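Asker: Below you'll find the structure I mean.
The values are calculated or read from the model by the stated rules, or taken from the named source; none is laboratory data. Every value quoted in this text rests on a predicted model; they were computed, and no experiment measured them. So basically every Cβ, Gly included, is an ideal-geometry build from the backbone, and we count neighbours across all protein chains shown.
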Amino acid sequence: MNLNDRSRLLDHPGLRLNRRHFFSRASLGLGGVALASLLGESARAMAGPDTSAGSLAIDPHAGGTMRAYHVPPRAKRVISLFMSGGPSQLDLFDYKPMLNRMNGQDLPESVRMGQRLTSMSANQATLPMAGSIFGFARHGQSGAWVSDLLPHTARVVDDLCIVNSLYTEAINHDPAITFFQTGSTIAGRPSMGAWLSYGLGSLNHNLPTFCVLISRKRPDQPLYSRLWGNGFLPSVHQGVEFRAGADPVLFLDNPPGVSSVARRKMLDRLRELHQEEYDRSLDPSIQARIAQYEMAYRMQTSVPETTRVADEPDHIFDLYGPDARQPGTFAANCLLARRLAERDVRFIQLYHPGWDHHGGLPAGIRQLCRETDRGCAALITDLKQRGMLDDTLVLWGGEFGRTNYSQGKLTATDYGRDHHPRCFTAWAAGGGIKAGITYGSTDPFGYSVATDGVHVHDFHATILHLLGVDHERLNFRHQGRYYRLTDVAGKVVRGLIV
């Protein structure tokens, strides 16, 4: 054989193996080095899920990477109501009569203890403490304190677990929102919904595992698609935004002149081409692309049926209020979230921006509460009357809290509050959460956590636990290290769980 013949033979497509082919096909050499460790995993896989600790097998058709739940799950799905901008806990849930008594006095240094402030209030000559101008009362058998701004939420307070002792790391919006959604202040990590999609897979066949709803006409606080992105996980796990209007999901409908039959034939041929490319390169992103094409085809039927909220009876609209008849409002999105939950969407994320009240807080927060209070309470009531609250985890909160002092001028009727990561409030309901309790507390000035602090990583670990996931075991190797939603921290808060 001459040199030219040898070159042509070595250049044959069947011999041009890339790294994926090498490691997938090798049975000797480096493949044998890993054999010992792989045998252990294979034996465990053949033995089936470990039921000795109460773990349960996951439907193999769900498409997640977990073979079995790490712990017995209490919730099947999550509806997250995110109040973007940072709602003032001191005007909604964390009642502080001390602030009212000391209203206008400068914040004592013994309380602040030199803690950092944002550039928006760091240069103020004084930091006058600002008591809430809104009334508070105890509600329900739990006796939880709730502001007059939230009369509907007050009526369902016995279904809630109010956490007054959350704290976070970032003091500005972008890193703080990113941290609450992804567990990192650095952009580019997978969001919570993407992690759950990756680990647990889908509960349904015709809708995305992770759906996102954003209240329209709320331009106050910027939101970015990376907040519901897949990060370094396969793209099939990213959130799908549902919009108000005739086209809830962009580019879903067939273009003019293209029938459903023609679309099906095109997708079949495209699948064949992608399969050939996958067989050649073993690139997993190709399989993700095929799955997304197929999901989009099924969504052409499932999305219009799901978003047809006009089919709901009048008593449901009466429950959610008149805003529920206006697509894109928070109330309408809450109703749509319930419909998505009924169809077993795993993670449903609602965003309602506008809570960033550096000034004019009383007027601003009144409006935001009018827009959201009834929808939140209606969602809890609706899920409960359908028997769905037991296995649906509902979350409410923002990225951080607000200061106990006024940013800018303090008057008898007006004040603002700056960003405050040291303590803030969120609530949770359903899905194994202990109902009718207020967990944790802050100091009498509402400046720092006093008891039972809950870091955002702890909150995430608890959410995953309720869904049957050990936060330390759901991870993904990327650029030489393993990542997880809780990074290298986090603990399950047992006091929040039934």
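Asker: Can you go through Val78, Val111, Val71 and tell me which one is part of a loop (DSSP other than H, G, I, E, B), of a type in the set (Val, Ile, Thr) and on the phi < 0 side of the Ramachandran plot? Let's see the steps before the verdict.
Answerer: On the way: Val78 fails: part of a loop (DSSP other than H, G, I, E, B); Val111 fails: part of a loop (DSSP other than H, G, I, E, B).
Only one candidate passes the filter, namely Val71.
Asker: Check Thr411 against each of (1) touching a residue at least 12 places away in the same chain (Cβ under 8 Å); (2) in a loop (DSSP other than H, G, I, E, B); (3) of a type in the set (Ser, Thr, Tyr) and name the one condition it does not meet.
Answerer: Every condition holds for Thr411 apart from (1).
Asker: Among the residues that make up the range 439-449, is at least one of them among the polar types (S, T, N, Q), buried (at least 21 other Cβ atoms within 10 Å of the Cβ) and more than 18 Å from the chain's Cα centre (by Cα)?
Answerer: Narrowing the range 439-449 to residues among the polar types (S, T, N, Q): 441-442, 448.
Adding the requirement that they be buried (at least 21 other Cβ atoms within 10 Å of the Cβ) leaves 442.
From the residues that got through so far, the ones that are more than 18 Å from the chain's Cα centre (by Cα) too are 442.
Yes; the residues of the range 439-449 include at least one that is among the polar types (S, T, N, Q), buried (at least 21 other Cβ atoms within 10 Å of the Cβ) and more than 18 Å from the chain's Cα centre (by Cα).
Asker: Something else now. Would you point out which residue out of Ile186, Ile133, Ile177, Ile162 is among the β-branched types (Val, Ile, Thr), crowded, with 24+ Cβ neighbours inside 10 Å and out of contact with any strand residue (DSSP E or B) (no Cβ under 6 Å at 6 or more places or on another chain)? Quick ask: steps written out before the conclusion?
Answerer: Details: Ile186 fails: crowded, with 24+ Cβ neighbours inside 10 Å; Ile133 fails: crowded, with 24+ Cβ neighbours inside 10 Å; Ile162 fails: out of contact with any strand residue (DSSP E or B) (no Cβ under 6 Å at 6 or more places or on another chain).
Result of the check over Ile186, Ile133, Ile177, Ile162: Ile177.
Asker: Just wondering, is there one or more residues in the range 358-370 that are within 22 Å of the chain's Cα centre (by Cα) and over 17 Å from Lys217 (Cβ atoms)? Full working, then the answer.
Answerer: Taking the range 358-370 as the starting set, the residues that turn out to be within 22 Å of the chain's Cα centre (by Cα) are 368-369.
Now restrict to residues that are over 17 Å from Lys217 (Cβ atoms): none.
Looking through the range 358-370, none of the residues is within 22 Å of the chain's Cα centre (by Cα) and over 17 Å from Lys217 (Cβ atoms).
Asker: Now for a separate question. For the subset of the range 475-498 comprising residues that are among the hydroxyl-bearing types (Ser, Thr, Tyr) and in contact (Cβ under 8 Å) with a residue 24 or more places away in the chain, which member is surrounded by the fewest Cβ atoms within 10 Å (Cβ to Cβ)? If you could, list the steps in order and put the result at the bottom.
Answerer: Narrowing the range 475-498 to residues among the hydroxyl-bearing types (Ser, Thr, Tyr): 482-483, 486.
Filter again for in contact (Cβ under 8 Å) with a residue 24 or more places away in the chain, leaving 483, 486.
On the way: Tyr483: 20, Thr486: 23.
My answer is Tyr483.
Asker: Follow-up question, since we're still on this one. Could you grab me the full set of residues in the range 136-151 that are surrounded by 19 or more Cβ atoms within 10 Å (Cβ to Cβ) and either within 19 Å of Val394 (Cα to Cα) or not assigned by TED's automatic domain parsing to the domain that holds Gly430 (or both)?
Answerer: Ala144, Val146, Leu150
Asker: While we're on this one: Output yes when any residue across the range 158-166 is assigned to a loop (DSSP other than H, G, I, E, B) and touching a residue at least 12 places away in the same chain (Cβ under 8 Å), and no when none is. Outline the logic, then answer.
Answerer: Our first condition is that a residue be assigned to a loop (DSSP other than H, G, I, E, B); within the range 158-166, this holds for none.
Checked against the condition, which is being assigned to a loop (DSSP other than H, G, I, E, B) and touching a residue at least 12 places away in the same chain (Cβ under 8 Å), the range 158-166 yields no hits at all.
Asker: Determine whether Gln367 is at negative phi and either of a type in the set (Gly, Ala, Ser) or surrounded by 24 or more Cβ atoms within 10 Å (Cβ to Cβ) (or both). Give the steps one after another, and end with the answer.
Answerer: Details: at negative phi: yes; either of a type in the set (Gly, Ala, Ser) or surrounded by 24 or more Cβ atoms within 10 Å (Cβ to Cβ) (or both): no.
No, not satisfied.
Asker: List pairs: first in the range 461-474 and in the same structural domain as Val492 (by TED's automatic domain parsing), second among the acidic types (Asp, Glu) and at pLDDT 95 or above, Cβ under 8 Å, 6+ apart or cross-chain?
Answerer: Leu464/Asp470
Asker: Right, something else. Mind checking which residues of the range 278-296 are of a type in the set (S, T, N, Q) and either crowded, with 17+ Cβ neighbours inside 10 Å or closer than 23 Å to His205 by Cα (or both)? Show your work before the answer.
Answerer: Within the range 278-296, the subset of a type in the set (S, T, N, Q) is 281, 285, 287, 292.
The answer is Ser285, Gln287, Gln292.
Asker: Having 1 or more residues that are under 22 Å from Val236 (Cβ atoms), free of Cβ contacts under 8 Å to residues at least 60 places away in the same chain and touching a Ser or Thr at 6+ places or on another chain (Cβ under 9 Å) is the bar; report the helices (runs of 4 or more DSSP H) wholly within the range 247-362 that clear it.
Answerer: Working: elements: 260-281, 284-306, 314-320, 330-342.
Where helices (runs of 4 or more DSSP H) fall fully within the range 247-362 and carry at least 1 residues being under 22 Å from Val236 (Cβ atoms), free of Cβ contacts under 8 Å to residues at least 60 places away in the same chain and touching a Ser or Thr at 6+ places or on another chain (Cβ under 9 Å), they are 284-306.
Asker: Residues to consider are Leu223, Leu207, Leu213; find the one that is part of a strand (DSSP E or B) and assigned by TED's automatic domain parsing to the domain that holds Glu399. Give the derivation first.
Answerer: On the way: Leu223 fails: part of a strand (DSSP E or B); Leu207 fails: part of a strand (DSSP E or B).
Exactly one residue qualifies, and that residue is Leu213.
Asker: Next question. Which one is nearest to Gln221 (Cα to Cα), of the residues in the range 177-195 that are more than 10 Å from the chain's Cα centre (by Cα) and of a type in the set (S, T, N, Q)?
Answerer: Here is the first cut: in the range 177-195, the residues more than 10 Å from the chain's Cα centre (by Cα) are 177-179, 183-190.
From the residues that got through so far, the ones that are of a type in the set (S, T, N, Q) too are 178, 184-185.
Numbers: Thr178: 13, Ser184: 19, Thr185: 17 Å.
Top of the filtered list is Thr178.
Asker: Oh, and also: Quick one: is Gly360 within 30 Å of His205 (Cα to Cα), in the same structural domain as Asn204 (by TED's automatic domain parsing), surrounded by fewer than 23 Cβ atoms within 10 Å (Cβ to Cβ) and touching a Gly at 6+ places or on another chain (Cβ under 8 Å)? Steps first, please.
Answerer: Details: within 30 Å of His205 (Cα to Cα): no; in the same structural domain as Asn204 (by TED's automatic domain parsing): yes; surrounded by fewer than 23 Cβ atoms within 10 Å (Cβ to Cβ): yes; touching a Gly at 6+ places or on another chain (Cβ under 8 Å): yes.
No.
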